[in-house]
There are 2 protein chains.
Amino acid sequence: MNLLDPHTGLYTDHYELTMAQGYFLGGKKDTTAEFDYHFRQCPYQGGFVVLTGHAELLDMLEDYRFTGKAVDYLGSIGFDKNFLDWLGKFRFSGYVHGVREGEIVFPHETCLRIGGNLIEAQLVETLVLNIMNFSSLVSTKAARIRQAAGENRDLMDFGLRRAHGMGGVLASRAAVCGGFNSTSNVFSAFQYGLRSTGTMAHSWVQSFDDELTAFRTFARLFPEKCILLVDTYDTLNSGIPNAIKVAQEMGKEGKQLTGVRLDSGDLSYLSKKARRMLDLAGLESVQIVASNQLDEEVISSLLDQSAPLDSFGVGTALVTGKGSGALDGVYKLSMINGKPTMKLSESLVKTTLPGQKSLYRYSDRDGNFQADGIALEPEEDFETIFHPFESGKSSNIAEYEREPLLRRLMKNGKKTGKPETPERISEYVASRLGRLPEEHKRFLNPHIYRVGISPALLRLRDRVLQVKEK
Amino acid sequence: MNLLDPHTGLYTDHYELTMAQGYFLGGKKDTTAEFDYHFRQCPYQGGFVVLTGHAELLDMLEDYRFTGKAVDYLGSIGFDKNFLDWLGKFRFSGYVHGVREGEIVFPHETCLRIGGNLIEAQLVETLVLNIMNFSSLVSTKAARIRQAAGENRDLMDFGLRRAHGMGGVLASRAAVCGGFNSTSNVFSAFQYGLRSTGTMAHSWVQSFDDELTAFRTFARLFPEKCILLVDTYDTLNSGIPNAIKVAQEMGKEGKQLTGVRLDSGDLSYLSKKARRMLDLAGLESVQIVASNQLDEEVISSLLDQSAPLDSFGVGTALVTGKGSGALDGVYKLSMINGKPTMKLSESLVKTTLPGQKSLYRYSDRDGNFQADGIALEPEEDFETIFHPFESGKSSNIAEYEREPLLRRLMKNGKKTGKPETPERISEYVASRLGRLPEEHKRFLNPHIYRVGISPALLRLRDRVLQVKEK
């Protein structure tokens, strides 16, 4: 979907338009170019990134244009008339190659390759970075929280109130792609076909004269999915006893209380006490839901202490990417007029990889991911990959199964296929993470996954480096 | 502006709709209510918050509704038909009182009071929190960065590529409200009347055979505002010498190079070297612009070391609220059917303040802010304010000038006035921060600003507490 339509073209950094005008007036209107989207560091000090945002990005690239109103505005702030005449007719007609949405990717890998003429490939930079960096940040966080919560506990996105303005729209989709079951965000559920859930706030309880009446009324109106929030006044002395009373009354009518929700206090202590009280009342099937400032580390720690929690509502940490706040993805020119190019830097780690690239994944006989290799297009045959920055380090990948990861996603400005649903993406994420060895998934100081470059790419980089440095 | 129109109503947490249906079917359709928006902690471990988001929020409240498509969707996921018939005709018809946009506010203060009937005041909770929390987070960061950069240096928002999806739209407005001069974000400039700026990326330089040609072409095409990015290959050995060459060529044609931009490396070391080289070439007027991972602390530290920087481009840290990621604003029921109510908690700090409130600011003879007082409506006369959580602590405010801070912003679902422009808001922020004593603006461990409650509010809270706890 595209909230900016029909003004998608304006959602860009001013310098992209300045450069576009410069290319246009400076005789580079027909120059071709290709850019790489990659990142340098995994967020959360983690070992992987779940790359998402494809569906949204491709929708927006198809809509990328400048209306008459937009063109008039750009004229009023000083852009050139001839350039604007051209811009008014502009549509993105380039190509996008990339990994599948939901792929597990690693630093320095070419995740997307976007090309066409120089002007169009330059203009869309900001949009590519804005969408991919944020969506992947949230999907990666969601996958980590899923890892902490285990396969079978329910995970609900509660983040909308702390999401960054309209960023909340994409955040909820990204959360489900990364492994959440549902969201509180009804707009995103409506737009993306997600499951939305939600029962009561403290204000529901406060709006009645007493907690028991508030619970009874809710149970009468919503007997099918009744989850009672038990901490408005006093969790163990009022909330849980009142919930038990209501559950027993529901039981007499053949109905069942779904659960209780704890939203403050020590969730381990309270959940154990609450579980005991519920069990003693014969209410073993009533679930305990926890919320309040949760993230993957708090959830891990609660479950390590055997807190009997069935379900988690996670908000701020999920949708704001707590611990990182941004994925540091960049969009760098790799080909200009058919020739490889790269950006230099004082440190080799911040130089980029030149040329038109492919990306392969190598798995052992059990299907476990062992290494990724970045190579040049067209395909070359090689048995060794080299460390991208530490010369002399190499790995033999001859024995492994090889899987190409880049596919064509857009051609001549049109999507090549239908986008996957968030549910389907989430299944793919789970299956791929299942093949990533444990040591790369550790929260604390994970082992760095091997990413190498092919012999031909290594030679090309050294050659371009020498030319640039001379 | 409102990107969600006509589906603003759906941008809500599912539980708001569940509760709305519950109130509707449970006989509370005509119950009145009022909620308070306040926060508990200043972000960034700072001493104040710059509250913004008003204009956006009020626009969206005016548009708040459920289209036929939205109602059909809600029916498909199980909402009640009678409720939905009512919801299809629903418009927000309540009131909003609040501080002025750009006001400096502190923890526990009633920043907004939103009321009407219980259903409408409940339904808009998520929207209020989503907009106000994020906008204020960014405006507060912007004000801190302005403080670090001093009054006269130029501050440019470069954050769009790392902003949280469409959150970037509001982020740039909030940045300018908080004290930035301009933004790279053309869409927000177009929508909110901000100034947008931007010159070149590394790809511009890479797209030419050599750096000098890239600089010369840019200078020829954009002689009026020519800022050259000097770190694509080697800042001191190539970028600055080439920029000097181009500046001298421009000089011969009666034109002037505006500046150079440093985007990597040690910005203190490089700016001092670059300044010397430029000055030696007689280019004292050429400015040095810095970007790359800046925030208020890095800028403070660079200026402490006398780095000769004229202007800063700040991205990720600004638009993602680095260091906090979210303002913890909450929306709590304070009145129900004309009666004061509050949420209890195991700690007094997390209980809320009951009743319909006013907010006053007390200033000394020099106009410096000395304390704020939260009181009850209608106005009462008092000379002492009490610490909201530590009994026995009080302050005499009789000698100070008193200024009421809450005003009516919306009545019967309609704005009571035209919104202020971001530029005007930014001037207001500067004037108000100028009156806040230094010790509350320190980055490290700032002195806590005095916020007290009136005698009548203290009595009311104690009375409601006793009733609830019995």
From phi via Karplus (6.51, -1.76, 1.60), per-residue ³J(HN,Hα) for segment B:377-386 in Hz, x at Gly/Pro: 8, x, 3, 10, 9, 8, 10, 10, 10, 10
Where labels lie 7 Å past Cα in the beta-carbon direction, separation of residue A:209 and residue A:293 in nm: 3.6
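Tell me, what is the percent relative contact order of segment A:248-321, built from C-alpha pairs under 8 Å that lie six or more residues apart?
Working: 85 pairs, mean separation 24.5, N = 74.
Once divided by the residue count of segment A:248-321, the mean separation gives 33 percent.
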Table column - 3J(HN,Hα) (Hz), segment B:310-322, Karplus curve with 6.51, -1.76, 1.60, x for Gly and Pro: 9, 7, 10, x, 10, x, 3, 4, 5, 7, 9, x, 3
Principal axis dimensions, the protein assembly as shown - Cα atoms, whole angstrom, descending: 83, 75, 47
Phi-based couplings in Hz for segment B:47-52 (Karplus 6.51, -1.76, 1.60; Gly and Pro marked x): x, 7, 10, 9, 7, 9
Rg followed by Dmax, in Å, when segment A:268-353 is reduced to its Cα trace: 24.0, 75
Ascending list, in nanometres, of distances separating the residue B:45 label from those of the other copies (7 Å, Cα toward Cβ): 1.6
Value of relative contact order over segment B:59-110, rounded to a whole percent, pairs C-alpha under 8 Å and six or more apart: 41
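With r defined as the distance between the Cβ atoms of residue A:456 and residue A:435 and R0 fixed at 35 Å, what FRET efficiency is calculated, to the nearest 0.05? Let's see the in-between values first.
Details: r = 27 Å, r/R0 = 0.78.
Computed FRET efficiency for residue A:456 and residue A:435: 0.80.
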For residue B:358, residues with placed amide H under 5 Å, excluding near neighbours: B:375, B:376, B:377
Sorted largest first, extent of segment B:44-195 alpha carbons per principal axis (Å): 59, 34, 25
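Per residue, how big is the convex hull around the C-alpha atoms of segment B:152-273? Give it to me in cubic angstrom, could you?
So the per-residue Cα hull volume is 136 Å³.
Under Stokes-Einstein, with the Kirkwood radius over Cα pairs standing in for Rh, what whole-number D in µm²/s applies to chain A at 37 °C and 0.692 mPa s? Present the calculation step by step, with values, prior to reporting the outcome.
Working: Rh = 24.6 Å.
Value of D from the Cα-based Kirkwood radius: 134 µm²/s.
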For residue B:49, distant residues with modelled amide H under 5 Å away: B:105
Given 14 as the ceiling on other Cβ atoms within 10 Å, longest exposed-site-free region of chain A for GluC sites (Glu not before Pro) in DSSP loops: A:1-150
Unit charges at the beta carbon, dipole of chain A: most positive-side option, A:45, A:271, A:287: A:45
Whichever aspartates and glutamates have a C-alpha closer than 13 Å to that of residue B:69, once near sequence neighbours (fewer than 8 apart) are set aside: B:5, B:85
Segment A:64-106 versus segment A:429-449: alpha-carbon centroid distance in Å: 37
Alpha carbon centroid spacing (whole Å) that separates segment A:26-40 from segment B:112-136: 44
Charge dipole of the protein assembly as shown about the Cα centre (unit charges at C-beta), most positive-ward option of B:262, B:396, A:160: A:160
Student exercise, segment B:1-117 dipole from Lys, Arg, Asp, Glu Cβ charges, in Debye to nearest 20: 280
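If you average the sequence gap of Cα pairs under 8 Å that are 6 or more apart and divide by the length of chain B, what percent do you get for the contact order? Walk me through the intermediate numbers first.
On the way: 940 pairs, mean separation 98.6, N = 470.
Once normalised by length, the contact order is 21 percent.
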For chain A, calculated [θ]222 nm from helices alone, where every DSSP H run of n ≥ 4 adds -39500 (n - 2.57): -11000 deg cm²/dmol
Where N is the number of residues in segment B:266-313, Cα Rg divided by 2.2 N^0.38 Å: 1.12
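Length gain on complete extension for the stretch residue B:225 to residue B:93, per 0.36 nm per residue less the alpha carbon to alpha carbon distance? Could the numbers behind the result be given before it?
Working: separation 132, 0.36 × 132 = 47.52 nm, distance 4.87 nm.
The span from residue B:225 to residue B:93 would gain 42.7 nm if fully extended.
Distances over 20 Å make up what percent of all Cα-Cα pairs in segment A:324-416?
The proportion of pairs with Cα distances above 20 Å equals 52 percent.
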Length released on extending from residue A:25 to residue A:280, taking residue separation times 0.36 nm less the Cα-Cα span: 83.9 nm
Alpha carbon centroid spacing (whole Å) that separates segment B:138-203 from segment A:276-351: 27
Cut-off under 5 Å, modelled amide H: who pairs with residue B:334 long-range: B:34, B:35, B:36
Relative compactness, segment A:33-72, computed as alpha-carbon Rg over 2.2 N^0.38 Å: 1.78
Segment A:185-256 - Rg (one decimal) and Dmax (whole number), Cα, Å: 13.9, 42
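Could you tell me what a quarter of the Cα convex hull surface of segment B:1-96 works out to, in nm² with one decimal place? Before the final figure, lay out each step's value.
On the way: hull surface 31.4 nm².
Averaged projected hull area, Cα only: 7.8 nm².
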Cα-projected label distance for residue B:463 with residue B:421, points at 7 Å along beta-carbon direction, nm: 4.9
Dimensions in Å of segment B:16-55 - Rg and Dmax from alpha carbons: 16.7, 45
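Work out which helices of chain A, taken as complete DSSP H runs, extend at least 27 Å along their axis over the Cα atoms and score a mean Kyte-Doolittle of -1.0 or more, then list them. Intermediate results must be reported in sequence, preceding the final value.
On the way: long enough: A:125-149 (36 Å, 0.40).
Qualifying helices: A:125-149.
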Position residue B:254, label points 7 Å along Cα→Cβ, spacing to each other copy in nm (shortest first, one decimal): 9.5
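Could you list the trypsin sites (Lys or Arg not before Pro) in segment B:1-82 that lie in coil according to DSSP, counting only those with at most 16 other Cβ atoms within 10 Å of their Cβ?
Passing both the DSSP loop test and the Cβ count: B:29, B:40.
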Nearest-first distances (nm) between copies at residue B:377, label 7 Å from Cα via Cβ: 6.3
Heavy-atom surface of segment B:1-157, accessible at 1.4 Å and reported per residue (Å²): 26
Those residues of segment A:39-71 whose amide nitrogen sits under 19 Å from the label point placed on residue A:448, 7 Å along Cα→Cβ: A:39-50
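The values are calculated or read from the model by the stated rules, or taken from the named source; none is laboratory data. On a predicted model such as this, the values are computed, not experimentally measured, just so you know. When we count neighbours, we look across all protein chains shown, and the Cβ atoms used for this are built from the backbone with ideal geometry, even at glycine. Remember, those area values only see protein heavy atoms, side chains included, never the ligands or the DNA or RNA. Shrake-Rupley method; radii C 1.70, N 1.55, O 1.52, S 1.80 Å.
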